[in-house]
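What follows is one structure encoded as structure tokens, with my remarks underneath.
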Amino acid sequence: MKTYPVLHAPLRFAACLSLAALACLSSHAAAKHASPPPAPLVNHPNAQLTGKELDKKVEALLSQMTLAEKAGQLNQFTAGVATGPGTHRENYDLMVQKGELGSLLNVTDAATSNHYQHIAMEKSRLHIPLLFGLDVVHGDRTTFPVPLGLAASFDPALVEQTAHVAAVESRADGVNWVFSPMVDIARDARWGRMIEGAGEDPVLGSAMAKAYVRGYQGNDLSSPDAVAACVKHFAAYGAPVAGRDYNAVDMSELQLRQTYLPTYKAAIDTGDGAGAATVMSSFNSLNGVPATANPFTLTQILRKEWGFDGLVVSDYGAVSELLKHGIAADGAAAAGKALTAGVDMDMEGDLYLTRIPALVQSGQLPLPVVDEAVRRILRVKFAMGLFDHPYAPENGRPYVATDEKRLLARKAAEESLVLLKNEALQGSGPLLPLQTDKKKQMKIALIGPLADSQHDMLGSWAASGDAKDAVTLRQALAKRLPAETLLYAKGTDATGTSTGGFADAVAQAKQADVVLLALGEPADNTGEASSRTRLSLPGNQEELLEAVAAAGKPVVLILFGGRPPAIPWAAAHVPAIVEAWFPGMEAGTAIVDTLFGKDANGADANFSGRLPVEFPQSVGQEPLYLAQLPTGRPAGDADLTHPPTNAEERYLSRYIDETNAPVYPFGWGLSYARFSYSTPAVKHTMGSSSEVGRVEVSVDVKNTSSVAGAEVVQLYVRDMVASVEQPVRELKGFQRVELAPGEQKHLSFTLGFNDLAFYNAALKRVVEPGTFKVWVGGNSASTNEAEFTVLQ
Ligand code: NOJ
């Protein structure tokens, strides 16, 4: 069992166990201001990307390169499908031979990658291997849940395992560089790319970011089973104005540093075994400067403050898009700006290759700037051992969805599922788990456009995953149930408007004992370039839901999608709701096992996922997230379900037509098991300023039910009074713990400087003296609280 995050920096403070102690410490605390210890800003160098031996090799090669060959190393084109508006090119053979390409993207098979690599290694003048990049985002051949679903597992160790499988499969396909993890904090569900990351929270996001990198790179980049990770999209791509993809991002530096940068830093930081070798710059502008030509983020923060040693690649065509951003008058200016700002490789822009030599020759671009970018690329290639083992296994390794892979995919899918609601029906217990008693076998009507769509189960960015390997709900139910007990109707298309299938759906529902409704977004409504202005169920699915529910049979709503939908009607009227995201290859099996509470072999299956994003009532609440800043007119406990009727009700930070609250809050998720918590106990260490200080918060968590279950124990904090506003509640740690029936475990969390620090108005990371509230529970609405006080 592991606690996230792990902390280290020095801090002097005290924690109080009792109110009396608190009072004594508080008065002391109020007296003076702390002089905070400096935050550790610069990383240790990434040992895999630095060192004398490596430098020697890089310099020796660099000294032999012509200017054209240097520009070639900085160039990347797609040799497969276009994953953006693309230019069509031919004759890559010749380009590789002439040293005009440092990398290709979107090659998905070993034979093709070996073909180009042989040309690079054997026919190009300097025999420099190519990097082959691909969007392997949630598995390569074996498709795991989409990253938002994996985040819902709150299980970084599991995510690391999935990333390792993806790495091994990618290498077998000739891919040595994956464009993952996507670590953009996403707090606005209109933005379609929320699906690709870990959601709204930087602590969860950082733990996930590190897990992916560890899984991809292992602890030895030169291992033939390791791939280079690419942290994207730097920076703050997840906060576009109005949730519209590629749109401008405008935010204070304080918010940028406090909330949006930590996940990128976590991924490139070498602590905890991460240390991503590469970073991708993003499409968006940040405070008016496109991220792909932004020296502040790319050079000041990434290189100087964080000490990043790897390579930065632009996003697809982002260098040429600098013209459209209106910050470069022509291609040469765009290339010069991007390279000087710190983008080393031009993905699909075709500007570095064609403009850089002339810029250098005319004296507009200093050669050392080009050399530095080439060095960073060569460093990664040497560190990965590509000069020694450049090729994929001959013809790749044939892919087989083995039992072992399916088992991991099923575990990941199972842990990603979030049971949002499970109400008791009149005269009986909760609707779920469904009855498995063969003698009393109930009739199930499976209805909905996502009940039997293999390709939708894989979600967006399914890399090389084959839809044929995916198990749908219908297929999984058919395996578990006698044919006569399973009824099926599609009802409507996922984005359809025809009600032609409604009558059949309602008729099936009427014949059944229970209805499973599989609704939500089809996979192509999510991901890149898939922003939405409506968060309700697409097409006429809401009407289908209400029509089927009117048949009067108990309904279990199973939601698919890449963002939290607005489903206030369902939340109020449907007795059981499961958020399934896109669970990947083992979707159907995992869902059916958890719905029954047992797998096909009779082993227990249970829900344990928790929401990594809040569920809105309506789109107008977006951006909606837990860690909101306080206001001077908090709505507090006011009844916000009706329009304000007097001044006290009106002049609050609220809507006149909607509650402030989410339908389901961050961290929410139910289990068939029940858990009880002791009040958090807080211990402090008091030391001199040279000692490491920490707060230890501990609780006893008990499974009070008769079924086994995993609880995600979450710790939240509020810094009650600080020189700049602090969020009303923020996640600071979590632990996923398996508990047998009746079992109790004692868990403790350590909070150190990095947990309690914030950026003050002078943009210094500080911990200020004063009171902190802490809550420990199974979701962010926990009232299980304690306090501690940080002393001067
Ligand atoms: C554009 C996307 O923004 C990025 O995430 C992806 O890695 C590249 N295209 C390459 O496909």
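The values are calculated or read from the model by the stated rules, or taken from the named source; none is laboratory data. Quantities reported herein were computed from a predicted structural model and do not represent experimental measurements. Glycine gets a Cβ as well: all are built from the backbone with ideal geometry, and neighbour counts include every protein chain shown. These area figures cover heavy atoms from the full protein model, side chains too; ligands, DNA and RNA do not enter into them. Shrake-Rupley method; radii C 1.70, N 1.55, O 1.52, S 1.80 Å.
Quick notes on this one:
- Taking all protein chains into account, the per residue accessible area for the chain stands at 37 Å² (1.4 Å probe).
- Radius of gyration, Dmax [segment 175-220; alpha carbons; angstrom]: 11.8, 39
- By accessible area, using a 1.4 Å probe on protein heavy atoms only, segment 496-560 has 48% of its surface on carbon and sulfur.
- Counting every alpha-carbon pair across the chain, the share separated by more than 33 Å comes to 53%.
- Cross-link partners for Lys553 among the lysines, with Cα-Cα distance under 21 Å and sequence neighbours closer than 8 places in the same chain left out: Lys421, Lys438, Lys439, Lys440, Lys443, Lys490, Lys510.
- The P(r) of segment 320-408 has a tail past 19 Å containing 56 percent of all C-alpha pairs.
- The modelled label-to-label distance between Asp524 and Ala157, using points 7 Å beyond Cα along the C-beta direction, is 4.1 nm.
- Segment 151-262 - percent of accessible surface contributed by carbon and sulfur, probe 1.4 Å: 52 percent
- Largest to smallest principal axis extent of the C-alpha atoms in segment 126-274, angstrom: 44, 40, 28
- Working note: 222 nm ellipticity from helices only, DSSP H runs with n ≥ 4, each -39,500 (n - 2.57), summed and divided by the residues of the chain, gives -7500 deg cm²/dmol to the nearest 500.
- Environment charge at Ala172 (Cβ cut-off 12 Å; Lys +1, Arg +1, Asp -1, Glu -1): -3
- Relative contact order [Cα under 8 Å, 6+ residues apart], the chain, whole percent: 18 percent
- Counting protein heavy atoms only, segment 673-792 has 48 percent of its accessible area on carbon and sulfur, 1.4 angstrom probe.
- Over every Cα atom in segment 654-792, the radius of gyration and the widest Cα-Cα span, Dmax, amount to 17.0, 54 Å.
- With the largest listed first and rounded to whole Å, the semi-axes of the equivalent ellipsoid of segment 452-608 from the Cα gyration tensor are 22, 21, 15.
- The alpha carbon gyration tensor of segment 472-515 gives principal lengths a ≥ b ≥ c with a/c of 1.5 or higher and a/b no greater than b/c, which makes the shape oblate.
- Cα-based reach from Lys98 at 17 Å (exclusive), listing aspartates and glutamates while leaving out same-chain residues under 8 positions away: Glu69, Glu90, Glu122, Asp350
- Equivalent ellipsoid of segment 230-292: semi-axes from √(5λ) of the C-alpha gyration tensor, largest first, are 22, 13, 9 Å.
- Convex hull per residue volume in Å³, alpha carbons only, for segment 233-376: 102 Å³
- Coordinate range of the alpha-carbon atoms in segment 408-454 per principal axis, descending: 36, 22, 21 Å.
- Candidate membrane-span-like segments in the chain, meaning DSSP H helices with Cα atoms spread over at least 20 Å of their own axis and a Kyte-Doolittle mean of -1.0 or above, are 156-172, 202-217, 367-383, with no membrane implied.
- Of all DSSP-defined beta bridges confined to the chain, some 55% are antiparallel rather than parallel.
- Pairs beyond 21 Å (Cα-Cα), from Lys337/Lys381; Lys123/Lys381; Lys56/Lys265: Lys337/Lys381; Lys56/Lys265
- Cα shape, segment 38-150, gyration tensor, a/c 1.5 rule: oblate
- Overall form of segment 361-474 per C-alpha gyration tensor (a/c, 1.5; a/b vs b/c): prolate
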